[in-house]
Amino acid sequence: MQGNKYWLYKTQPVYERLILAGLIITDTLHWRHSGIMHQIKQNLKKSFFLIFLFVALQYKVLYLKIMEKESQPLEDIKIIKKMMEESSRFLSLSGLSGVSAGILAIAGAIAAKLIIPDSIITGEGYSESFGASSEGITIIKLLFTDAALVLVLALASAFFFSWRKAKRDGKSIWTPVTKRMFLNLAIPLAAGGLFVIITMGHVPGHVSASATLIFYGLALINGGKFTFSEIYWLGVIEVLTGLICLLIPGYTLLLWAFGFGVLHIIYGLFMYIRYKG
Amino acid sequence: MKNILANINKAFENRIRLGIMSVLMVNDHADFISLREMLEVTDGNLASHLRALEDYGYISAEKKFINRKPNTSYRITREGEESFRNHINALENLIKK
């Protein structure tokens with residue numbers, strides 16, 4: 001972590017001392033063979049030069065040392081912040097996950113529009129007998145398959161893009177933080193899923209749709225503690241969309257597509273630009 | 001100047017120790033392997049710094065077996081939390097100067 005600089009300033013002075021000592025010794029060995037005064041002169045010159053070099057290097061090292069000391073608190077704080085963030089938040093969540101989930105949701109909503117007969121959309125919304133009729137049951141089954149398919153594909157794509165981002169950053173995807181995040185996401189999500197499945201056919205369609213939005217939003221608010229804090233606000237908006245969906249039955253599909261489609265795409269693009277991935 | 005430096009804790013001068021303390025500040029506990037992955041250090045290096053922090057009484061270790069494999073999990077002590085908070089404050093004061 002400390003880099004090569006430490007190694008340099010720790011070892012360099014010793015090296016220089018050795019080189020200096022070595023040069024002086026070899027020079028004294030030469031003395032005997034030629035004019036001694038000339039040699040002493042030469043030797044002094046050389047020594048002065050070497051001492052000068054030595055002192056200059058020492059100063060440079062000292063200077064470097066001072067620089068390190070001064071920038072150290074800032075560096076330390078940066079490391080502390082980085083480690084705290086990385087160890088408590090899942091930062092590999094890719095913005096592209098949001099975009100792909102949004103596109104899949106819109107595709108799912110279009111499919112749902114094709115599945116549901118116009119008479120129900122334009123009509124009075126919900127009639128007691130619809131859930132019990134054979135036609136109604138097939139439609140509900142088809143819609144359920146549609147929603148489940150969107151969910152599975154969206155999760156798969158979220159996982160894929162996050163995995164890719166983690167690989168790019170050289171981070172592992174399955175950490176204690178990810179586990180905690182999944183658990184916190186999964187509890188409200190599973191509760192919501194069960195609620196929708198159990199009440200299916202007994203409640204109007206817009207109630208089911210708004211329940212998926214509300215429970216999903218709550219899951220995001222809960223799981224957001226372990227990833228980017230922006231997720232929290234996405235969750236809040238999802239919950240609000242769900243409540244509006246409950247209040248205006250006529251626009252169920254449109255609001256559902258807005259909540260799961262448009263919001264995800266906007267959020268995903270925002271995150272992709274903001275966090276570069 | 002002197003009283004600011006007095007709060008700088010020698011125990012945290014090393015970057016690896018800083019990392020260990022930071023991770024344990026925000027996580028209830030962390031095991032050896034996840035610490036090693038997060039800090040990107042070798043086993044021996046990490047172990048020696050963990051032992052040093054343990055000797056200071058700043059972290060506590062708990063050994064247990066998961067699927068018959070030994071697993072050591074570390075958590076921060078009350079003293080460690082306090083000392084580390086003081087250290088961070090001291091660092092921030094140094095920067096402000």
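The values are calculated or read from the model by the stated rules, or taken from the named source; none is laboratory data. Just so you know, these numbers come straight off a predicted model, no measurement behind them. Cβ: placed from backbone, ideal geometry, glycine included. Neighbour counts: every protein chain shown. Ligands, DNA and RNA are excluded from the accessible area calculation, which covers all protein heavy atoms including side chains. Shrake-Rupley method; radii C 1.70, N 1.55, O 1.52, S 1.80 Å.
So for segment A:164-178 (the condition being in contact with a strand residue (DSSP E or B) (Cβ under 8 Å, 6 or more places away or on another chain) and either hydrophobic (A, V, I, L, M, F, W, C) or within 14 Å of another protein chain (Cβ to nearest Cβ) (or both)), does at least one residue qualify?
So in segment A:164-178, the residues in contact with a strand residue (DSSP E or B) (Cβ under 8 Å, 6 or more places away or on another chain) come out as A:176.
Right, trim to either hydrophobic (A, V, I, L, M, F, W, C) or within 14 Å of another protein chain (Cβ to nearest Cβ) (or both) and you get A:176.
Among the residues of segment A:164-178, at least one is in contact with a strand residue (DSSP E or B) (Cβ under 8 Å, 6 or more places away or on another chain) and either hydrophobic (A, V, I, L, M, F, W, C) or within 14 Å of another protein chain (Cβ to nearest Cβ) (or both), which makes the answer yes.
What are the residues in segment A:171-221 that are in contact (Cβ under 8 Å) with a residue 60 or more places away in the chain and assigned to a helix (DSSP H, G or I), if any?
The answer is A:Val177, A:Thr178, A:Met181, A:Gly205, A:His206, A:Thr212.
Considering each residue of segment B:12-33, count those that are buried (at least 19 other Cβ atoms within 10 Å of the Cβ) and under 19 Å from A:Phe226 (Cβ atoms), and give that number.
Number satisfying all stated conditions: 5.
State whether one or more residues within segment B:40-53 are closer than 15 Å to B:Val23 by Cα and of a type in the set (S, T, N, Q).
Filtering segment B:40-53 down to residues closer than 15 Å to B:Val23 by Cα leaves B:40-41, B:46, B:49-50, B:53.
From what's left, of a type in the set (S, T, N, Q): none.
For segment B:40-53, residues closer than 15 Å to B:Val23 by Cα and of a type in the set (S, T, N, Q): absent.
Assuming A:Gly250 fulfils every condition listed in (1) part of a helix (DSSP H, G or I); (2) at pLDDT below 95; (3) surrounded by 18 or more Cβ atoms within 10 Å (Cβ to Cβ) apart from one, which condition is it?
(3)
Could you tell me whether B:Lys97 is open to solvent by 50 Å² or more (accessible area, probe 1.4 Å), modelled with pLDDT under 85, more than 12 Å from the chain's Cα centre (by Cα) and of a type outside the set (A, V, I, L, M, F, W, C)?
Working: open to solvent by 50 Å² or more (accessible area, probe 1.4 Å): yes; modelled with pLDDT under 85: yes; more than 12 Å from the chain's Cα centre (by Cα): yes; of a type outside the set (A, V, I, L, M, F, W, C): yes.
The answer is yes for B:Lys97.
Every residue in segment A:204-244 that is modelled with pLDDT of 90 or more and either among the hydroxyl-bearing types (Ser, Thr, Tyr) or in contact with a His (Cβ under 6 Å, 6 or more places away or on another chain) (or both), please.
A:Ser210, A:Thr212, A:Tyr216, A:Tyr232, A:Thr241
Is at least one residue of segment B:75-89 assigned to a strand (DSSP E or B) and either of a type in the set (S, T, N, Q) or in contact with a helix residue (DSSP H, G or I) (Cβ under 7 Å, 6 or more places away or on another chain) (or both)? Step through it out loud before you land on a result.
Within segment B:75-89, the first condition is being assigned to a strand (DSSP E or B), and the residues that meet it are B:75-76.
Now narrow it down to the ones that are either of a type in the set (S, T, N, Q) or in contact with a helix residue (DSSP H, G or I) (Cβ under 7 Å, 6 or more places away or on another chain) (or both): B:75-76.
Yes, there is a match, as at least one residue in segment B:75-89 is assigned to a strand (DSSP E or B) and either of a type in the set (S, T, N, Q) or in contact with a helix residue (DSSP H, G or I) (Cβ under 7 Å, 6 or more places away or on another chain) (or both).
When you check B:Asp43 against the structure, is it open to solvent by 90 Å² or more (accessible area, probe 1.4 Å) and more than 9 Å from chain A (Cβ to nearest Cβ), yes or no?
Numbers: open to solvent by 90 Å² or more (accessible area, probe 1.4 Å): no; more than 9 Å from chain A (Cβ to nearest Cβ): yes.
In short, no.
Can B:Asn89 be described as under 21 Å from the mean Cα position of the chain (by Cα) and more than 24 Å from B:Arg36 (Cα to Cα)?
Numbers: under 21 Å from the mean Cα position of the chain (by Cα): yes; more than 24 Å from B:Arg36 (Cα to Cα): yes.
Yes.
Within segment B:56-97, which residues are among the polar types (S, T, N, Q), more than 11 Å from B:Met25 (Cα to Cα) and more than 14 Å from chain A (Cβ to nearest Cβ)?
B:Ser60, B:Asn67, B:Thr72
Looking for something under 23 Å from the mean Cα position of the chain (by Cα) and either open to solvent by 20 Å² or more (accessible area, probe 1.4 Å) or more than 20 Å from A:Ile266 (Cβ to Cβ) (or both) - is there at least one such residue anywhere in segment A:188-211? Spell out how you get there, then give the answer.
The initial filter retains those residues of segment A:188-211 that are under 23 Å from the mean Cα position of the chain (by Cα), namely A:188-189.
From the residues that got through so far, the ones that are either open to solvent by 20 Å² or more (accessible area, probe 1.4 Å) or more than 20 Å from A:Ile266 (Cβ to Cβ) (or both) too are A:188-189.
Within segment A:188-211 (the criterion being under 23 Å from the mean Cα position of the chain (by Cα) and either open to solvent by 20 Å² or more (accessible area, probe 1.4 Å) or more than 20 Å from A:Ile266 (Cβ to Cβ) (or both)), the answer is yes, since at least one residue qualifies.
To keep it simple, each residue is scored yes or no on (1) surrounded by fewer than 16 Cβ atoms within 10 Å (Cβ to Cβ); (2) farther than 24 Å from A:Glu86 by Cα.
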{"site": "B:Glu54", "(1), (2)": "yes, no"}
{"site": "B:Tyr58", "(1), (2)": "no, no"}
{"site": "B:Lys63", "(1), (2)": "yes, yes"}
{"site": "B:Glu82", "(1), (2)": "yes, no"}
{"site": "B:Asn93", "(1), (2)": "yes, yes"}
